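Undergrad: Mind looking over this structure? Questions follow.
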Amino acid sequence: MEYNILDSIDLNDKSIYKSFTDRYFSKRYILNVDGIENNDIMLMFHSNRITLLCLAPSHFFFKNPDKYNLNFTIGKVDRLSNLVKGKGKKGGQMLTPKSTICKVEWNDGTSFDIPCGMKGTLIEINENLVNNPEILREQPDSDGFIAIMLSSIANSEATKNELLNHEEYLKRVNCSI
Amino acid sequence: MDQKAIYKFCKSLGCCEACCLRYIGIKHPNAYENSKNYVTKFREENDLEPISTDKNMTIDVSAHTSEKNGASISSNVRNSDEICDKSIDTKESITNKGSTEVDTAVLDSNDSVSPPHKKRKLNVCVSCLGVLQEDNWQECYQMVKEILDKKGYECNTFACALSAPIATLLREKAVTLHLVDEFPQYDAKVLTPLKEAWKWSFGVKLGAYINKILDSGAISPLLITVNIDYVDELQELEILKTVSPQLFAERSKQKRRFVTEFTRRSVEQALELATLWSLSAADALRAPHSRAACVGAACAHAPIFLAGRYIKLSRNLPQSPWILEGRRVLPSSVQEIIFGPLTKCYKFDPEDADRRFKFIAAGREDVDVRCLGDGRPFAIEISDPTRQLTAEEMKEVCEEISNGGEVIVKEMSPISKEDLVQLKKGEETKSKTYEALCIKLSHSKFDEDHNAPIRVTQEDIDRINSYTNTTSKEVKIALQQKTPIRVLHRRPLLTRSRDILELTATLIPEHPQLFALRLRTSAGTYVKEWAHGELGRSAPALAAALRARADLLALDVRAVHLAWPPARRAPPAPRAPPPTTS
Ligand SMILES: [Zn+2]
């Protein structure tokens, strides 16, 4: 075949096998949010200042095998009714690092909040979590992401630079993934 | 209408030959090309000064004639008399409209009477202010030629446009009102526009001077515009403030705008209300103290459009320059590779290429996606080109583009601007065929041994090929795709319905974990996002058909289903270079 697609890439180059998130995102971590041990979140920064909010693998959430619900109503704000208009994403809910995006409610009545960890605008809640809350546990760093946020280039860069990168994170949590 | 009578009357007002023809309503271009010969038919056989004896002195003759007529009118107390009087600054001349009716017979019979007291300083036409008078044209020719020599257009035809003094509108109105007054059945609408007469007279002669053939603006792509100014314009237009005080009272409220007070539009408006009485009182047809002069010329060639299809062989080449925060991310682009040889062909300054060329394509592929098959349709708009490229040159351009090895353009052909519509429409409506190299990333529930290496089985292939989520015959997989994250920062967040129309998977025996896909999709489908599912934002994903996780390793566009370049109608007439001057 002319210009065979198999010959067009180097199949020995490991980088072509990177996952979608590893290809396009830089992972950053915030540990012990609000002083709660292992309340660890992961922010995935795209070069275009889009950021994904995920739970870090070291989050205490993953140690509890119980059933849970996800609640996106935070006080008077319904995160699921977030709506952005146009290229400028007008109307998106404003977020500060402490803003809660979602509550995880265990079957035993206890719960914890997932904060967003950065200043920005809420673009999108992962709607698939509503019908399939289990993907938060099963694929926390891909289909189980929690939200998409957008912030200014300056803020995105600054936040990215001050947070733990993946290597630093591994050292700190001293665990293997 | 008695054309002779109108001719004589206009002459008497001080019009040039060409303007007389305009007021008669003559529309033959030939008449203006040689107005002095043409007007002989309006002269009496017993005219004392046959024009043929005086060919090189047209202006003088016409001026002389008008003086004679002026005299005849003066002896009969006419409005035009006042005009002549005022031309020599006899202020006491007072409007005396309608005091005496003079019929044309009187004018004719008095034609040969010579008035000793009327002497014009300049033989400038009272209507066109010299625009149509040949002795004014040499500087226009030169100005145009200078520009043409510098620009070097090869087009051997041209169209001619005129930017005339606004004062000519005022004067035209005055002449017309005189005519209506003199000949009640005269229809002002017959007036041949100044710019038409200019084209037919000046344009033809300019053609001889610059070695090009005058043609209509609808046909010739080369437009030559001559700007003619009249120094006393503002002063003369002041008249309008007395003619139409209410209009200009309003306008002059914005005093700072004094200079732009008289626009073509405002003057036309004011003149709608003008009467012969008011214009005469203001001496609208006073003899000009100077002639309108050529102050500039502009030459511009209509853009030309080339069409072709590009094949992109590189996975490291954007379609247009990729610049991030002022710095280049990649050294080249499809656009620049195509512009390069064209820049040379046109001898454009490379810095200028961006301004002179515009790249228009039916969509674009990602930097790392190749575009194979017949390639992607594109067009190039070239602004103010010096010429159309020959078929031979276009072939050479294509060869040079293709020699670089990253982009192949097999042929280019000239198209019209209207054809671009198809290109844009094609981007939004035409389906595309892709080839994708994919990888199976997890065992499916159908795989027996989940500890064995992941392999694509024939059953996997069958499952993909038989997968559908619609009952439609045309659509195999109906997708809901959110705006991809990679473009989400600059595009609105939307969920779009897109379709995979055909999908065929095949095994790759030498690479058991890989498989190939060939798919045809509706316009605007995000194929990469469908393949990996983009965190569930594009659904259903390839994984739904395979029943296992999957990703895409490489993607090629195999066909953009748009007929392009458009089927050739009559090809544009080849333009031979004009004969050289000397
Ligand atoms: Zn004239």
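Undergrad: From Cα pairs below 8 angstrom and at least 6 apart in sequence, can you work out the relative contact order of the range B:198-322, rounded to a whole percent?
TA: 39
Undergrad: Separate question: Within a Cβ distance under 14 Å of B:Leu170, other residues only, what is the Lys/Arg minus Asp/Glu net charge?
TA: Net charge around B:Leu170: -3.
Undergrad: Moving on. Give me the orientation-averaged projected area of the Cα convex hull of the range B:431-561, in nm², one decimal.
TA: Computing the convex hull of the Cα atoms and averaging its projections yields 8.3 nm².
Undergrad: Take the alpha carbon atoms of chain A, find their radius of gyration, then divide it by 2.2 N^0.38 Å using N residues; give the quotient.
TA: That ratio works out to 1.12.
Undergrad: For B:Leu494, project a label point 7 Å along Cα to C-beta. Then give me every residue of the range B:406-441 with its amide nitrogen under 14 Å of that point.
TA: B:428-429
Undergrad: Per DSSP H run of n ≥ 4, the term is -39500 (n - 2.57); total these for chain A, divide by its residue number, and report the mean residue ellipticity at 222 nm rounded to 500 deg cm²/dmol.
TA: It lands at -4000 deg cm²/dmol.
Undergrad: Related question: B:Lys476: which lysines have alpha carbons under 27 Å from its alpha carbon, excluding same-chain residues fewer than 8 sequence positions away?
TA: B:Lys424, B:Lys425, B:Lys430, B:Lys432, B:Lys440, B:Lys445, B:Lys528
Undergrad: So what is the relative contact order for chain A, in percent, with contacts set as C-alpha pairs under 8 Å and at least six apart?
TA: Once divided by the residue count of chain A, the mean separation gives 22 percent.
Undergrad: Right, here's the next one. Mind listing P(r) for the range B:136-271? All alpha-carbon pairs, 10 Å bins, whole percents.
TA: With 10 Å bins starting at 0, P(r) equals 10, 32, 27, 22, 8, 0.
Undergrad: Provide A:Phe145, B:Phe339 in ascending order of the number of other Cβ atoms located within 10 Å of each residue's Cβ, fewest first.
TA: Going from sparsest to densest Cβ surroundings: B:Phe339, A:Phe145.
Undergrad: Can you give the net charge of the other residues whose Cβ lies under 10 Å from the Cβ of B:Asp447, counting K and R as +1 and D and E as -1?
TA: Neighbour charge sum, excluding B:Asp447 itself: 0.
Undergrad: Could you tell me how many degrees, from 0 to 90 and to the nearest 10, lie between the Cα long axis of helix A:153-162 and the main elongation axis, the longest principal axis, of the Cα atoms of chain A?
TA: It works out to around 80 degrees.
Undergrad: What number, in percent, do you get for the relative contact order of the range B:304-427 if the mean sequence gap of Cα pairs under 8 Å and at least 6 apart is divided by its residue count?
TA: 41 percent.
Undergrad: Count neighbours as other Cβ atoms within 10 Å of each site's Cβ, and list the trypsin sites (Lys or Arg not before Pro) in the range A:1-49 that are DSSP loop with at most 13 such neighbours.
TA: Here the sparse-neighbourhood loop sites are A:Lys18.
Undergrad: Calculate, in whole percent, how much of the Cα-Cα pair population of the protein assembly as shown lies beyond 36 Å.
TA: Roughly 63 percent, rounded to a whole number.
Undergrad: Tally Lys and Arg at +1 and Asp and Glu at -1 over the other residues with C-beta under 10 Å from the C-beta of B:Val369: what net charge comes out?
TA: In short, +1.
Undergrad: In addition: Would you order B:Cys16, B:Cys140 from fewest to most other beta-carbon atoms within 10 Å of each residue's own beta-carbon?
TA: Least crowded to most crowded, the residues run B:Cys140, B:Cys16.
Undergrad: How far is the Cα center of the range B:491-542 from the Cα center of the range B:256-328, in Å?
TA: 50
Undergrad: Lysines within cross-link reach of A:Lys67: Cα-Cα under 21 Å, excluding same-chain residues under 8 positions apart?
TA: The qualifying lysines are A:Lys103.
Undergrad: Rounded, prolate or oblate, given the Cα gyration tensor of the range B:304-427, with a/c below 1.5 counting as rounded?
TA: rounded
Undergrad: List the aspartates and glutamates whose Cα lies under 19 Å from the Cα of A:Lys90, skipping any in the same chain that are fewer than 8 positions away.
TA: Cross-link targets: A:Asp78, A:Glu124.
Undergrad: Suppose we keep just the DSSP beta bridges with both residues in the protein assembly as shown; what percent of those would be antiparallel, to 5?
TA: Antiparallel bridges: around 90 percent, rounded to the nearest 5.
Undergrad: Quantify how strongly other chains surround peptide B:483-494 by giving the mean number of their Cβ atoms within 10 Å of each of its Cβ atoms.
TA: Per residue, the average neighbour count from other chains is 6.
Undergrad: Follow-up. Which one, A:Thr110, A:Asn161, A:Pro133, is farthest towards the positive end of the dipole of chain A when Lys and Arg carry +1 and Asp and Glu -1 on their Cβ?
TA: In chain A, that residue is A:Asn161.
Undergrad: Measure of size requested: the Rg and Dmax of the range A:9-69, with Cα atoms as the atom set and Å as the unit; please supply both.
TA: For the range A:9-69, the Cα-based Rg and Dmax read 15.3, 47 Å.
Undergrad: Which residue, A:Val104, A:Val77, A:Val33, has the most motion in a Gaussian network model of chain A that connects Cα atoms within less than 10 Å?
TA: Result for chain A, Cα springs under 10 Å: A:Val77 fluctuates most.
Throughout, read-outs are computed from the coordinates displayed, never taken from laboratory work. Keep in mind the model is a prediction, meaning the values are calculated, not measured. When we count neighbours, we look across all protein chains shown, and the Cβ atoms used for this are built from the backbone with ideal geometry, even at glycine.
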